[in-house]
Every structure is written in structure tokens, then in C-alpha cells.
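Notes follow the structure.
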Amino acid sequence: MKMTEKPTIKASWLGSHEYCEYKWYLENVLKEDIPIVRAMIIGKEVHKIKEDEFKKVAKPTTPKEFLKSKLYTITKEITLEKEFNNFILVGKIDELGVDVDHLYVIDDKPRAKPYLGTKRQIWAYCILVKEFIREDYPEYLNKKIFAVLRDRDSDNEVWKEEFSKNNAIDVLNIISRMLFLIKGKSEPIPNDIPGKCRACVLHKQEKCSFSCG
Ligand code: SF4
């Protein structure tokens, strides 16, 4: 990346940064190879199967028609991007639902739990959805946006909350911290919760000197 280019921040980084800033830094700033674990491969396969099933029954539509829907309607795997003053935010949303008054930004996770990092990832998607509507379909800005976490395997919603201005501020604060780290203005902080380290692939392969697990 040239120093004049704006850094690209992936919405999924909000989750991995909260798990361990040091691990996030190794993987995404230093671009070190982090071993791929079996759960990641299975996760991709399950995602692909669900996407293919959806494609079989989905009817093509336009964003405007989708946003106009009065009955609950969904679309899947939407990639959005928004250029801000000093960074570009990108994200791929698992599922977006719409009805007369609401939009539902849904993320599927295995063994889903509403950890702060997971919520931040979904809030980052909510920012992208809001900005997309603000720029291209402002007549639908009055729809309330809900962040939803769903268990990938049971399809149960485990957390649902209206997206707020404070949620957006929280995400932008974390992105500011990431930009500081990307520009080398700060050192990454390792996680200090032993349970997280014990579950970390870098701890299991004895590749992290900071591990507290
Ligand atoms: S072992 Fe712990 S400190 Fe090291 S990268 Fe993993 S979570 Fe972070």
C-alpha cells in the first residue's frame, strides 16, 4: 500500500481485533500466515451450501424493489464498500432482511454468542447499509436498522438490537485505533485473558511469546 492510499478496513476485523489486537496485527498488518484451522474450512463449506440453496429459490430483483418490500424479504451475501475521509470500509453481509419499517442486518456464526467483537462486526455492516441507503436510496432512511446475530446451525436468533449512533461511534473509535497501528504510531496489545489464548491457534502451535494461556 502506498502511503497516499487510504487503508481498507474489513468489517470482519472488528471481531478479530476484539479477540486479540496482537493476533489481528500479525495477520492483517504484518500479513503473517496464521495457520488455517479445521473450523474455518468447515465454516466456508457450510456458507457455500447455504448460499447455493438460497440461489435455487431466490428471485432476481433490484435494490430499489428490495427496499420497497412490504412483506418480509431477504437477500444474501451482499458486499458493500464506503469511502470515508481516511479509510475505506468494506464488508460482506450474510443476510439482509427488510419489511415496511425495518432493515435486519444478519450475521450467521457457529456457536453464536453476542461477544463485543461480534456485535462490532455487525455494527460495521450496519454502517455500510446505512451509508448505502443514504447515498443511493435516501427515501428509505427512515427504516430502523436492527443488528442480528443468528446461530449458523440452529438458525436461532441469539441477539437482536436496534443499531444506534453510539454503536457507530464505538466502531469508528476502534477503526481509529486500527489506523494508528497500521501507520506504526502504536504497538499492538496482546490479549490477557487465558481462556482466549488457550483457544488460539498461535498458542496451540507455540508461536506466540505473549500467550497467557
Ligand atoms: S496466544 Fe494469546 S496473545 Fe498470542 S496471539 Fe493468541 S490470543 Fe493473542
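The values are calculated or read from the model by the stated rules, or taken from the named source; none is laboratory data. None of these values were measured; they are calculated from a predicted model. Glycine gets a Cβ as well: all are built from the backbone with ideal geometry, and neighbour counts include every protein chain shown.
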I need every pair where a residue in the stretch 18-47 that is without any contact (Cβ under 8 Å) to a residue 60 or more places away in the chain and over 22 Å from residue 183 (Cβ atoms) has its Cβ under 7 Å from the Cβ of a residue that is of a type in the set (Ser, Thr, Tyr) and away from the ligand (no atom under 15 Å from the Cβ), sequence separation at least 6 or different chains.
none
Just one of 212, 197 is out of contact with any strand residue (DSSP E or B) (no Cβ under 8 Å at 6 or more places or on another chain), surrounded by 14 or more Cβ atoms within 10 Å (Cβ to Cβ), among the hydrophobic types (A, V, I, L, M, F, W, C) and part of a loop (DSSP other than H, G, I, E, B); which is it?
212
Could you say which residue among 174, 169 is modelled with pLDDT of 95 or more, part of a helix (DSSP H, G or I), of a type outside the set (Gly, Ala, Ser) and surrounded by fewer than 17 Cβ atoms within 10 Å (Cβ to Cβ)?
169
Apart from one, (1) surrounded by 12 or more Cβ atoms within 10 Å (Cβ to Cβ); (2) away from the ligand (no atom under 11 Å from the Cβ); (3) under 24 Å from residue 197 (Cα atoms) all hold for residue 47; the odd one out is (3)
From (1) without any contact (Cβ under 8 Å) to a residue 12 or more places away in the chain; (2) within 8 Å of the ligand (Cβ to nearest atom), pick out the condition that doesn't hold for residue 191.
(1)
Starting from the stretch 194-212, take each residue that is closer than 12 Å to residue 34 by Cα and list its partners that are within 6 Å of the ligand (Cβ to nearest atom) and of a type in the set (Ser, Thr, Tyr), counting only C-beta distances under 8 angstrom and pairs at least six apart or across chains.
200/211; 202/211; 203/211; 208/22
Examine the stretch 130-145 for a residue that is assigned to a strand (DSSP E or B), closer than 28 Å to residue 65 by Cβ and within 17 Å of the chain's Cα centre (by Cα), and state whether such a residue exists.
yes
